[in-house]
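One structure is given here, and the rest of the page talks about it.
What follows draws every value from the coordinates through simple rules; no lab data is involved. Computed from a predicted model, the values in this text were never measured in an experiment. Methodologically, a virtual Cβ is constructed for each residue, glycine included, from the backbone with ideal geometry; neighbour enumeration extends over all protein chains shown.
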Amino acid sequence: MDLEKYSWTQSLQEVNINIPVPNGTKSRFVLCEIKKNHLKVVLKGEPPIIDGKLFRPVKPDDCYWSRG
């Protein structure tokens, strides 16, 4: 599903969220907090891209973010 600031896909086992960032963005400028019931993604100095409650709880230790 394509939204204004990001897109996402989902299967029975996982959800993938793709967030385009400006070229040259270093990983240290990305804040990604994945909690049991909440997801927050921010580029340093910018308003949050995602900051909200999750539909269902997740296991934060099973979640990760990567720079593609």
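Working carefully through the options ARG28, ARG56, find the one that is part of a helix (DSSP H, G or I) and over 13 Å from the mean Cα position of the chain (by Cα). Outline the logic, then answer.
Numbers: ARG56 fails: part of a helix (DSSP H, G or I).
It is ARG28.
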> So which residues in the range 19-45 are exposed (fewer than 10 other Cβ atoms within 10 Å of the Cβ) and either in contact with a Ser or Thr (Cβ under 6 Å, 6 or more places away or on another chain) or closer than 21 Å to GLU4 by Cβ (or both)?
Replying inline: PRO22, ASN23, GLY45
> Of all residues in the range 39-68, which are in contact (Cβ under 8 Å) with a residue 24 or more places away in the chain and among the basic types (Lys, Arg)?
Replying inline: ARG67
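Mind checking which residues of the range 9-18 are surrounded by 13 or more Cβ atoms within 10 Å (Cβ to Cβ) and closer than 13 Å to ILE49 by Cα? Lay out the reasoning, then the answer.
Filtering the range 9-18 for residues surrounded by 13 or more Cβ atoms within 10 Å (Cβ to Cβ) gives 15, 17.
Selection gives ILE17 alone.
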>> Exactly one of these conditions fails for TRP65: (1) part of a loop (DSSP other than H, G, I, E, B); (2) out of contact with any Cys (no Cβ under 7 Å at 6 or more places or on another chain); (3) not charged (D, E, K, R). Give me its number.
In response: (2)
>> Of the conditions (1) of a type in the set (A, V, I, L, M); (2) more than 22 Å from GLN10 (Cβ to Cβ); (3) in contact with a Leu (Cβ under 7 Å, 6 or more places away or on another chain), LEU43 satisfies every one except a single condition; which number is it?
In response: (3)
